[in-house]
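Worksheet: the structure to be examined is printed underneath.
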Amino acid sequence: MSFLAKLFTKDKKLQIDFCEKNLDRFLKEEHFTDYEAFLNQKNVTYKEYQCQSKCEECKLSPYAIVNGEFIDANDVPELLDKLKQRQKA
């Protein structure tokens, strides 16, 4: 990819699906502002589901499904970093 193409490439559109139970379990108030800023970007859409039938994963770590791909992390800040990386990939 040329230098100019990289300069003018738009961020990738992301569809992010969250499990409400997983968010309740792992997302703490001190991270709300960071997540809110990320999720309110115009190229990011998200939806919260009551359950996504990923109970084993849900108990272990924070996760999201990004454009159909399961993404998990050790903690909430790491998950946000992974989401941001997907946006720029």
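Looking across segment 54-89, the residues that are out of contact with any Leu (no Cβ under 7 Å at 6 or more places or on another chain) and farther than 21 Å from Lys13 by Cα come down to Lys54, Cys55, Glu56, Glu57, Cys58, Lys59, Leu60, Ser61, Asn74, Asp75. Residues in segment 51-65 that are touching an Asp or Glu at 6+ places or on another chain (Cβ under 8 Å) and not hydroxyl-bearing (Ser, Thr, Tyr) were compared, and the one that is nearest to Lys21 (Cα to Cα) is Cys51.
Between residues in segment 71-89 that are without any contact (Cβ under 8 Å) to a residue 60 or more places away in the chain and residues that are surrounded by fewer than 18 Cβ atoms within 10 Å (Cβ to Cβ) and in a loop (DSSP other than H, G, I, E, B), which pairs lie under 6 Å by C-beta distance while being six or more apart or on different chains? Pairs that qualify, where the first residue is without any contact (Cβ under 8 Å) to a residue 60 or more places away in the chain and the partner is surrounded by fewer than 18 Cβ atoms within 10 Å (Cβ to Cβ) and in a loop (DSSP other than H, G, I, E, B), are Asp72/Ser61; Val76/Leu27; Leu79/Ala73; Lys82/Ala73. Scanning segment 42-53 for residues that are surrounded by 13 or more Cβ atoms within 10 Å (Cβ to Cβ), of a type outside the set (Val, Ile, Thr) and under 14 Å from Lys13 (Cβ atoms) gives a single hit, Tyr46. Of the helices (runs of 4 or more DSSP H) that lie entirely inside segment 22-89, those containing 3 or more residues that are among the charged types (D, E, K, R) span 55-60, 76-88.
Read-outs: derived from the displayed coordinates by stated rules, not from any lab. Keep in mind that what you see is a predicted model, and the values were worked out from it rather than measured. Cβ sites come from the backbone with ideal geometry, for glycine too, and all protein chains shown count toward neighbours.
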